[in-house]
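Scroll down for the structure; my scribbles are underneath it.
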Amino acid sequence: MTYSLPPILDMRLRPPIPAWTRGSVFRTAMHYPRHFFTFKGARSAWLESVDVLFEEMESAGIRYGVLMGRASSGAGNLGGVANKEIVEAVAQYPNRFLGFLGVDLDDIEQGLAEIREFAGEANIKGISIEPGSAREPRWADDPSLEPIYEIAREFDLPVSISLSGLLSALAGHDITWSRPVSIQRAAQRHPDVKFIVSHAAWPYAEEMVVVALACPNIYVSPDLYAATAGMIGADTYVKGANLFLEDRTLFGTAYPVKDIQESLSDFLQMGWRPEIVPKILWGNAAKLLKIDA
């Protein structure tokens, strides 16, 4: 099927800039292409070239990529990126990148201080936590996370909670830490906070879709798990969007996992209702992140 595509907002993109490549974050993000021949990875990722990345983004029609913060001390090989460097990256490339500030759950007070320091910076659009893959994993409704949700409400910033079985496993934990039921409890406790579930709690796709159905402040962002041909569980995210989540499903590539153009091509073949594709690629995220154009 041929689609008339809007500009695209990629909700999960880790660029090959020094903030990412000098540590383990970028290498960890290349887990699939480094271990499975079915994931070739992007040319720009293997070259670690931001200029080639921009060519790939332009070719695919991606207006913005979201640099999803990761602050994870000692959790497997996940590594982390300093929030100051995220702020610097989105300032250096304001027409390409948007940023979410990461909170290290081993030092929540420091994370809160950095949110207060950087939340007003241009192109900073949200807060990122990864409770299921923290050094000491916890559920999304753990009492220790309450101050994060309160500051999100105070600054009117959405909270991305990254959950996937692979992410938990890479941090050294079992995959059940990626189940999304605790996000329902957190979302119901904080109805004024918007929650984005990055990686969409894969492989618990059915639970994720039902949790989002129950909570109008939860957004589903499956990224590569709904932009990879043949991916287990992808059809569940598609059915969820086609039935009742068309306004709360978001597109992402999870670059550098795959070539961006390949991710978009695979996404478009998943069976979405044609009229909701512009919402998923642009409209839903642009409204959530307050992006005009």
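Take each peptide in 12-18, 185-191, count the other Cβ atoms within 10 Å of every residue, and average; sorted highest first, the result is 12-18, 185-191. Of 40/279; 125/258; 239/279; 40/290; 125/279, which pairs sit farther than 26 Å apart, going by alpha carbon to alpha carbon? Over 26 Å apart, Cα to Cα: 40/279; 40/290.
Here the Karplus curve 6.51 cos²θ - 1.76 cosθ + 1.60, taken at θ = phi - 60°, turns the phi angles of the range 110-122 into couplings of 5, x, 5, 4, 6, 4, 4, 6, 10, 4, x, 6, 4 Hz, with x standing for Gly and Pro.
Under the convention that each Lys and Arg Cβ holds +1 and each Asp and Glu Cβ holds -1, the size of the dipole of the chain around its Cα centre is about 440 debye. When a/c is below 1.5 the answer is rounded, else prolate if a/b is larger than b/c, else oblate, so apply that to the range 253-293 with a ≥ b ≥ c taken from the square roots of the Cα gyration tensor eigenvalues. It comes out oblate by the Cα gyration axes. Ordering 264, 213 by accessible surface, largest first, gives 213, 264; the 1.4 Å probe counts only protein heavy atoms, with every chain in place.
Here's the list of aspartates and glutamates a cross-link from residue 287 could span, going by alpha-carbon distance under 20 Å and ignoring same-chain residues fewer than 8 apart: 10, 121, 154, 156, 192, 223, 246, 247, 275. When a 1.4 Å probe is rolled over the protein heavy atoms, the share of accessible surface on the range 143-208 that falls to carbon and sulfur comes to 53 percent. Each Lys and Arg Cβ is given +1 and each Asp and Glu Cβ -1; about its Cα centre, the range 67-193 then shows a dipole of about 440 debye. In the calculated pair-distance distribution of the chain, the portion above 27 angstrom amounts to 32 percent of the Cα-Cα pairs. The orientation-averaged projected area of the convex hull spanned by the Cα atoms of the range 148-293 comes to 8.7 nm². Applying 0.36 nm per residue to the separation of residue 213 and residue 188 and subtracting their alpha-carbon distance, the gain on full extension is 7.8 nm. Annotation for residue 154 and residue 51: the two label points, set 7 Å from Cα along the Cα-Cβ direction, are 4.4 nm apart.
Computed from the C-beta positions of residue 273 and residue 169, the FRET efficiency with R₀ = 30 Å rounds to 0.35. Applying 1/(1 + (r/R0)^6) with R0 = 35 Å to the Cβ-Cβ distance of residue 40 and residue 109 gives a FRET efficiency near 0.25. Sorting the segments 266-274, 241-249, 125-133 by their mean number of nearby beta carbons within 10 angstrom, highest to lowest, gives 125-133, 241-249, 266-274. The range 181-199 and the range 221-293 have Cα centres lying 20 Å from one another. Taking all protein chains into account, the per residue accessible area for the chain stands at 40 Å² (1.4 Å probe).
Approximating the spin labels as points 7 Å out from Cα along Cα→Cβ, the residue 142-to-residue 82 distance works out to 2.5 nm. Less than 5 angstrom separates the built amide H of residue 96 from none of the residues sequence-distant by 5 or more or on a different chain.
The values are calculated or read from the model by the stated rules, or taken from the named source; none is laboratory data. Since this is a predicted model, take the numbers as computed values, not measurements. Don't worry about glycine lacking a Cβ; one is built from the backbone with ideal geometry, like all the others, and counts go over all protein chains shown. The accessibility values were calculated without ligands, DNA or RNA, using every heavy atom of the protein model including side chains. Shrake-Rupley method; radii C 1.70, N 1.55, O 1.52, S 1.80 Å.
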